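No lab work stands behind these numbers, since they all come straight from the coordinates. Bear in mind the structure is a predicted one, so any value in this text is a computation, not a measurement. Positions of Cβ are backbone-derived with ideal geometry, glycine not excepted, and every protein chain shown enters the neighbour counts.
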Amino acid sequence: MHGLSSTMAFFRLSSPAIFWVPFLAIIFYPYQILGHVLDPSTCSSPNHHSLIAERHHGLPTCPLPIDEESAIDTGSWAPWKRRPYCVEPFMQDADVGGPQFCVYAFEPFRGAQGGLSIVTMPVLAATLVNSLDDSVVPPKLRDHPSSSLAAAEKEEEEEGEEGNRTAFAIRDVPGKGKGLVAQREIRKWELVLVDYPAMLAHMDLFDVVGAETRQDLLERALKQLPERQRGELLSLARTHGGEPIEDILRTNIFGVELGIEIPHLGLFPIASRINHDCRPNVFWRWSVRTLTVEVIAMRDIETGEEITQSYVPLGLSYEDRKEDLKNWGFSCACSLCTASRSERSASDKRRARLQHIYHELNEGATGKAELTADTIYGLADEMESLVREEKLEAQLLVHYGAVARAYMRAGKLEAARKYVELCEDLWVRYAGEEEDYLAGMHQLRHELSEREKKAAARENYV
C-alpha cells in the first residue's frame, strides 16, 4: 500500500455524488469530553481485574483508564502486558499540557503468535478492553481461512481443499512492490480477507506531539510486538523517507475509529498490502467492537487479478484524482488513468453528470425544485446507466436514497418504497452487522413509514 491511506471502514459522502473513502480529519478531543464514557462512579467494581486471568469467567465491563502514574501507584496494569509508557504533550497557546498519550501492549491477540500495540489516550485504551478477547470475534470471521485465529486449525486440515483455501496470495506486483493477488476466482460480495491490527495510533499524535517524542512512542510500540509480527510490519512499503516506523505507518495505514468515532491510524499485517486502483474491486469495513477489518469483493475477481482498493474518493475526475494521489507519493497507472485523453474526458463528463443528477434529485427531495414522477424516473434511469458505465456501483447506495426521497416528496410512495428497499439491501451489503453504520438507513425507512401513515390517514378520513 502506498501513501497516507487513511481509508475509512465504510464509505462517507464528502460532496454530492462523491463517495468518500479517505480522508480522516485530525481532530483534538479533550480528555474531559471523553471522561464521561468511563466515569469511575459507574463501574460495578472498584478494582480492575486481569482480562487474561478471567478469560473464561466473563470480561470486565467497566475498566478504568490506566496511565503510567496509576500503574506505578497500584503496581498493576492489567490487562496490558507491560506498564504503559506515557508522555504529556505541551499544547500551543496553552499554559498546560494536553492529555497524555501512552503506549499499551496486549498479547496474545487474535492468535497465539499475535500482539497489539496501541498509542492513544488512557481513556480510549480502556474502552478497548472488552474488544481484546478473541471470543468477541464472530465465528464467520474467526474461522475464515485468512483469519489468524484459524491458523492452528488450518495446519491440521488437508492442504488444497477449496473451502479452506485462502483467496489470495502476497505477490510482487510490477510498479507497486508487494500486493494481494487472487489465486482463485472470487465472487462479488465474497469475504476475501479478515485481518486484525498489529498497531493503532491516535491521529493527534502527528499534530500535538513533537517529532522526537512521537518517534520514541512509535518505536516503543513496534518493539513491544512479537518478533514475527514486528518483522511483518517492517517489511511493509516505505515512500516518504525519514524514520522507518513513521514512514511505514504513513505509507500503509488504514484510518479507523475508536471510542466515540475518534480517528486512529491502523497497521494491519496483510490488509495494509492492498494497493490502489481508481476502479477498485474490494471495499472494507472496520468493527471497533471486534477490532476486525473485513475486506469484501465489490465485483467478481478473476484468478491472477490484483486485489485493489481506492485511496481517493470514488467518482472524482482525472485531475482531481491525480491531485489527491500526490498525498500518497505516487502517480496512478490504473487502466482509467492511463486511458487516452479522449477516453478520460468522456469518463470525466459522465462523472460530472452523475454529480449533477444527484444534485437535481436532492433539490427535488428538499422541495427546492419541483420534480414530476416522470422526471425522477428519467433521472434514476440515467443515473443507473452512468454508474454502471463508470463502474461506480458503490455510489448506488447514496443515489438510491436520493431517488427514494425525491419520490416521497412527489407523493409517489410505492416508487419510493422500491428505492428504499434497494438502498437497504446495499446498506446491509456494505455495512454488515454494525448497527452504527445503519443509522442513515433507519432514518430513510422512518421517513417513508411516516409518509405512508399520513397517506393512509388521509384515505381513511375521506
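Here are a few things to note about the model shown:
- Under the Karplus curve 6.51 cos²θ - 1.76 cosθ + 1.60, θ = phi - 60°, whole-Hz ³J(HN,Hα) for the stretch 287-297, x wherever Gly or Pro sits: 10, 6, 5, 10, 6, 9, 10, 10, 10, 10, 6
- Compactness relative to 2.2 N^0.38 Å, alpha carbon Rg of the stretch 341-461: 1.15
- Checking the Cα-Cα distances for LYS176/LYS349; LYS412/LYS454; LYS349/LYS418; LYS140/LYS391; LYS140/LYS418; LYS178/LYS391 against a 19 Å cut-off, the pairs over it are LYS176/LYS349; LYS349/LYS418; LYS140/LYS391; LYS140/LYS418; LYS178/LYS391.
- Remark on GLU257: its backbone amide H falls under 5 Å from those of HIS264, a criterion applied only to residues 5 or more positions apart or on other chains, H modelled at 1.01 Å from N.
- Using the average count of surrounding beta-carbon atoms within 10 Å as a protection proxy, the listed peptides 299-308, 125-134, 368-377 rank, highest first, as 125-134, 299-308, 368-377.
- Note on the stretch 341-461: with charges restricted to the Cβ of Lys and Arg (+1) and Asp and Glu (-1), its dipole about the Cα centre is near 400 debye.
- Here the Karplus curve 6.51 cos²θ - 1.76 cosθ + 1.60, taken at θ = phi - 60°, turns the phi angles of the stretch 121-128 into couplings of 7, x, 5, 6, 4, 5, 5, 8 Hz, with x standing for Gly and Pro.
- Packing-based order for 401-411, 439-449, 140-150, using average beta carbon neighbours within 10 Å, highest first: 401-411, 140-150, 439-449
- For the stretch 302-308, the Karplus equation 6.51 cos²θ - 1.76 cosθ + 1.60, evaluated at θ = phi - 60°, returns couplings of 7, 4, x, 7, 6, 8, 9 Hz by residue, with Gly and Pro reported as x.
- Within the stretch 281-327: Cβ-based charge dipole about Cα centre, in debye rounded to nearest 20 (Lys, Arg +1; Asp, Glu -1): 280
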